[in-house]
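Data first, discussion second: the structure below is written as structure tokens.
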């Protein structure tokens, strides 16, 4: 199979599986919605600074749960079958693309519900905030996909995933929160360009390292 | 013996830097001043509290007030004891800036300065005016003994520079060794490379912890709390978490070859993140550390030649000590492994 067709078929397979069971998507959506609601019941109304921080904390935990399943939940037999068919590079690219799409969808739905419950701050730069959420979803997807691959190989599910991914995600999260805060304060867009660039750079770096390392991880 | 010359060297360097760093006194400086109200054309008495000064032994002690450019010499000086003196100034009509620096000169103590010592009310500031044009005496500006520069607020804790900073240099070098051997172990899948990678992390983590502890103690004395919300402090802690996660990941896997491979992959994956944490992100925001957020760096003018004579040997010595401990740990682990194979 060609490289591009491999990736396309793998993404199609992921979507098909998801569509059949609808377990992960609905589960994570319900997770986000209930967390937002619990936060609403305990906070009722919040300041701008907390608004932003709370959103990213909810997204952090939701995305760990959403992306962790990408490698952890595949059965051993299906793994082996896929490995005989496709190259490791196309597998990691397909998983990352699928997780990115999933994360972008999830984050947008979460943001919609979140700003419905807690009012979106006035004078905020909505477009810039959307850019920040999309950059955030991409970073979460790239980093968590690789970490979940590592954690699944170690064969010790959820806890290891959290321990391994938190120190890696914190620098990204700090830049993200700063970028999102700039957007909420309605600052001029030129102020945030550096942060967008830095996030893009970190994403490219993580992606490059993942592509280099995954073939080694893949061989058992 | 010929092979281990560097071990003798690093032991000597560390012992030298520890002794020299603690033994030599600080140079004199102005610790604090007290003064009354500033009135135009009136006398102002300034009580000067010196640190390590010898006011009572000075022949030509003189004090000056300095606005943005010009100098006003004290008319009379009463020396109380070695570290206390009263300087009486006759104030001009107005000053040229809002803050005045206090400068003292003497034959033994050289030039001592307290920057922004006196704040002037706006009523007495006139940018056109300035002080009288007195000139500093043309004499040696350095103290007549070997000592480290006096740092306001830091006092004797500036000696911590020879212990706190070398820890980070040591940690970075050890983690770099670790990532090098992780890459190598992925390519060769040799057990020895894996042992080297994990043992350098083991000792690197200890260096990092020592760096955090020495930093926290230093912060308590200068910033007022063991943990301030300082980017470098936070990121150093997070990068340590990365390597603790690496060690825990190793514990989670029993099978040796699998453990070597997966741990190596995580190590290589984490290393660029540590570089971002320690070298990129702190540059983007303010820190209380010297050299950030408008604070002067140690290199700018504080790290004088006397400090360098202790600081550079300390850095080299501690890096080599770290490397030495790492080689010892590797040898112990290899011997243990051989024993297991024989049993």
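The values are calculated or read from the model by the stated rules, or taken from the named source; none is laboratory data. Given the structure is predicted, the values throughout are model-derived calculations rather than measurements. Note that each Cβ is placed from the backbone with ideal geometry, even for glycine, and that neighbours are counted across all protein chains shown.
Computed values, structure above
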quantity: In segment B:217-243, residue nearest to the other protein chains (Cβ to nearest Cβ) [restricted to those that are free of Cβ contacts under 8 Å to residues at least 12 places away in the same chain and surrounded by fewer than 18 Cβ atoms within 10 Å (Cβ to Cβ)]; calculated: B:241
quantity: Residue in segment A:52-60 that is within 20 Å of the chain's Cα centre (by Cα) and over 22 Å from residue A:133 (Cα atoms) present; calculated: no
quantity: Selection count, segment B:244-289, where residues are surrounded by 17 or more Cβ atoms within 10 Å (Cβ to Cβ), farther than 23 Å from residue B:228 by Cα and either more than 7 Å from chain A (Cβ to nearest Cβ) or touching a strand residue (DSSP E or B) at 6+ places or on another chain (Cβ under 7 Å) (or both); calculated: 8
quantity: Condition check for residue B:173: under 18 Å from residue B:273 (Cα atoms) and within 14 Å of chain A (Cβ to nearest Cβ); calculated: no
quantity: Meets criteria (under 17 Å from the mean Cα position of the chain (by Cα), more than 7 Å from chain B (Cβ to nearest Cβ), within 24 Å of residue B:246 (Cβ to Cβ) and surrounded by fewer than 17 Cβ atoms within 10 Å (Cβ to Cβ)) for residue A:147; calculated: no
quantity: Selection within segment A:190-220 - out of contact with any helix residue (DSSP H, G or I) (no Cβ under 6 Å at 6 or more places or on another chain), exposed (fewer than 15 other Cβ atoms within 10 Å of the Cβ) and in a helix (DSSP H, G or I); calculated: A:190, A:193, A:194, A:197, A:200, A:201, A:204, A:208
quantity: Only listed residue being buried (at least 17 other Cβ atoms within 10 Å of the Cβ) and closer than 28 Å to residue B:154 by Cα, chosen from B:44, B:71; calculated: B:71
quantity: Pick from segment B:16-55, criterion part of a helix (DSSP H, G or I) and in contact (Cβ under 8 Å) with a residue 12 or more places away in the chain, ranking: nearest to the chain's Cα centre (by Cα); calculated: B:21
quantity: Boolean, residue B:213 is buried (at least 18 other Cβ atoms within 10 Å of the Cβ), outside the structural domain of residue B:52 (by TED's automatic domain parsing), modelled with pLDDT of 90 or more and within 22 Å of the chain's Cα centre (by Cα); calculated: no
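Condition check ((1) on the phi > 0 side of the Ramachandran plot; (2) more than 12 Å from chain B (Cβ to nearest Cβ)) across all residues:
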{"position": "A:171", "(1), (2)": "no, no"}
{"position": "A:186", "(1), (2)": "yes, yes"}
{"position": "A:190", "(1), (2)": "no, yes"}
{"position": "A:194", "(1), (2)": "no, no"}
{"position": "A:197", "(1), (2)": "no, no"}
{"position": "A:200", "(1), (2)": "no, yes"}
{"position": "A:206", "(1), (2)": "no, no"}
